[in-house]
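Laboratory data are not the source of any read-out in this text; all were calculated from the coordinates shown. Predicted model, so just to flag it, every value in this text is computed and none were measured. All Cβ positions, even for glycine, are placed from backbone atoms using ideal geometry, and neighbour counts span all protein chains on display.
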Amino acid sequence: MFEKILIANRGEIAVRIIRTCRELGILTVAVYSDADRNGFHVMLADEAYHIGPAPSRESYLNIEKIIQVAQKAKAQAIHPGYGFLSESPAFAKAVNDAGIAFIGPTVENILAMGDKLASRELMKKAQVPTVPGSQDAIKNLQEAEQVANQIGYPIIIKASAGGGGKGIRVVHDPKELSSALRACQSEGLNYFKDDRVFIERFIQNPKHIEVQVFGDTHGNVVHLYERECSMQRRHQKLIEESPSPSVPTQVREKMGQVAVTAAKSIQYVGAGTIEFIFDNNTKEFFFMEMNTRLQVEHPVTELVVGLDLVKEQIRVAAGKPLSFRQEDVKQSGHSIELRICAEDPITFTPSPGVIRRYRTPQGPFVRLDNCAYPGYEVPIHYDPMIAKLITWGKTREECIRRLQRALAEYMCTGIKSNIVLHKNILVHPTFLDGTYTTQFIDQQVAGKEQRELFMFVDEHVFLIAAAITAYNDAKSRDVSEYNLASHWRKLGRLRQLRS
């Protein structure tokens, strides 16, 4: 087993990895940018090294600097977490070339699944069902029109190298095809330096279901069942749960088998996720992509199957076989994760700044993967997620009630957060009956139904929140009528949404 591991990441995932390492008796090395000098992961690690300015391209994406730090600290392995360099074949190769273990899949695994077009072809060869669409990259508008007419509208255009909601456009009308094609190609080039795009049939009542898989260097591959990730805004996940309230038992078993087949076809090593689009009308499922890393939502799987996935990642990277077999894996109870983000709950725009008051929920079967604290300054340079609130219950209903109770205890002032949005989603009938799709939030905020996301919390909650925030700001900044007026204007906006 390793004696020292460097975590090439920040925020709550760095904290999460450090905690498992500490349980295993492994020393940890943190890296940090100028913006993260006071980061919680820096305080928690055994050693910490500065790696550059705040922009990620000059710090957390600086491969050469990270490897230099690992060598200086004499780390035997590097855990990339998720995001940043976690799915970079260049980083994995550089780590291996430096004689350091990469806690993740092989370079070949990442290359095979990193390109959406290539991975679709691999899955077709492995007889994994894929969404009907173009065989190759779309070269021009004429090709796009031919494919769209063949499979029928609506369609979805995707950047081949895309991710994180970038390079995606849904087209309902042929008149929109030209502009949508140009937009996807442009985003693919700007964000991923790759303007290739492809077209698929757009599933109109879609669910986003993913299956956790795990492989080792001894040829073992297993699945850890599914997660429902359909509660999204702007193609980015917000709430995840396991098991899915929509997937029938026989389909769940079939999904797991297909996911294992997909992973075995590329001799996959480590933690990975096979993502499916699930047609809630027909109960069919199709391969979308594979994420060759640990997922943000891995805690819900951990709570329903009783395994520490980070610990298993470290074991596999050290050359050990998986500590369990497929027949050992059972789903027990229900778990739901809420992503707590420093963002406006209505517009979803980031809300960087200093957290004034921060009270976290506790109690039975409540877990908080967290990097925030009172006085912590949320930087503008990175993803706005500051924590993940996860609960477990014997049933979905008990799990939701536990989340509602935990959210009532959660306080974060000084910045905007999506806590109030979560409170409203958790009492919305469409969430409670489990029929929500990936379009739920977008449909809610797009028109007159926007008010529904803010109509289920009593008005006194908003009154108290506005008063507390104004008081804390006045106390910390030694003002002001301006702050009071500002917060009452925000309250007025919320009340308008509910009227």
ask   = Under a point spin-label approximation (7 Å from Cα along Cα-to-Cβ), what is the Gln135-Leu44 distance to one decimal in nm?
value = 5.0 nm
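Extension gain Arg19-Gln71, at 0.36 nm per residue separation less the Cα-Cα distance, in nm?
Values: separation 52, 0.36 × 52 = 18.72 nm, distance 2.22 nm.
Contour length minus the Cα-Cα distance gives 16.5 nm.
Evaluate the relative contact order of region 132-201 (contact order divided by residue number), counting alpha-carbon pairs under 8 angstrom at least 6 apart; express in whole percent.
Details: 136 pairs, mean separation 29.6, N = 70.
That works out to 42 percent.
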inquiry  = No solvent, one uniform scatterer per C-alpha: report log10 I(q)/I(0) for region 323-393 via the Debye equation at q = 0.11, 0.16 1/Å, two decimals.
reply    = -0.40, -0.69
query = With each pseudo-label sitting 7 Å past Cα toward Cβ, what's the Lys320-Arg405 distance in nm, one decimal?
reply = 3.5 nm
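Note down the relative contact order for region 4-103 as a percent, whole number, built from C-alpha pairs under 8 angstrom at least six residues apart.
Numbers: 178 pairs, mean separation 29.3, N = 100.
Worked out over region 4-103, it gives 29 percent.
Which value, in debye to the nearest 20, describes the size of the charge dipole of region 4-103 about its Cα centre when Lys and Arg Cβ atoms bear +1, Asp and Glu Cβ atoms bear -1, and nothing else is charged?
Numbers: 11 positive and 10 negative charges, 29 e Å.
I would put it at about 140 debye.
Over the chain, what is the relative contact order in percent, taking alpha-carbon pairs closer than 8 angstrom and at least six residues apart?
Relative contact order for the chain comes out at 12 percent.
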ask   = So if R0 is 30 Å, what FRET efficiency would Lys175 and Gln267 give, r being the distance between their Cβ atoms, rounded to the nearest 0.05?
value = 0.05
query = Running Debye on the chain with equal point scatterers at the Cα sites and no solvent, what base-10 log of I(q)/I(0) appears at q = 0.07, 0.11, 0.12 Å⁻¹?
reply = -0.38, -0.99, -1.19
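Holding the Cα-Cα limit at 25 Å, pick out from Lys139/Lys264; Lys125/Lys158; Lys116/Lys423; Lys93/Lys311; Lys65/Lys388; Lys139/Lys237 the pairs that are longer than that. Working shown, then result.
Numbers: Lys139/Lys264 32 Å; Lys125/Lys158 21 Å; Lys116/Lys423 35 Å; Lys93/Lys311 22 Å; Lys65/Lys388 29 Å; Lys139/Lys237 30 Å.
Over 25 Å Cα-Cα: Lys139/Lys264; Lys116/Lys423; Lys65/Lys388; Lys139/Lys237.
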note = Here P(r) for region 27-97, Cα-Cα distances in 10 Å bins, as whole percents, is 20, 58, 22, 0
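As a test of the formula, what do you get for the chain when each DSSP H run with n ≥ 4 contributes -39,500 (n - 2.57) and the sum is divided by the residue count, at 222 nm and rounded to the nearest 500 deg cm²/dmol? Intermediate results must be reported in sequence, preceding the final value.
Numbers: 17 runs with 186 residues, N = 499.
Roughly -11500 deg cm²/dmol at 222 nm, from the helical runs in the chain.
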query = How far apart, in nm, are the 7 Å Cα→Cβ label points at Lys311 and Gln439?
reply = 4.3 nm
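Work out, in µm²/s and without decimals, the Stokes-Einstein translational diffusion coefficient of region 132-201 at 20 °C, 1.002 mPa s, Rh from Kirkwood over C-alpha pairs. Kindly include the intermediate steps, with their values, before the conclusion.
Working: Rh = 11.5 Å.
Taking Rh from Cα pairs, D becomes 186 µm²/s.
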remark   = The correct pair for region 224-284, radius of gyration to one decimal and Dmax as a whole number, both in Å and from Cα atoms, is 12.5, 34
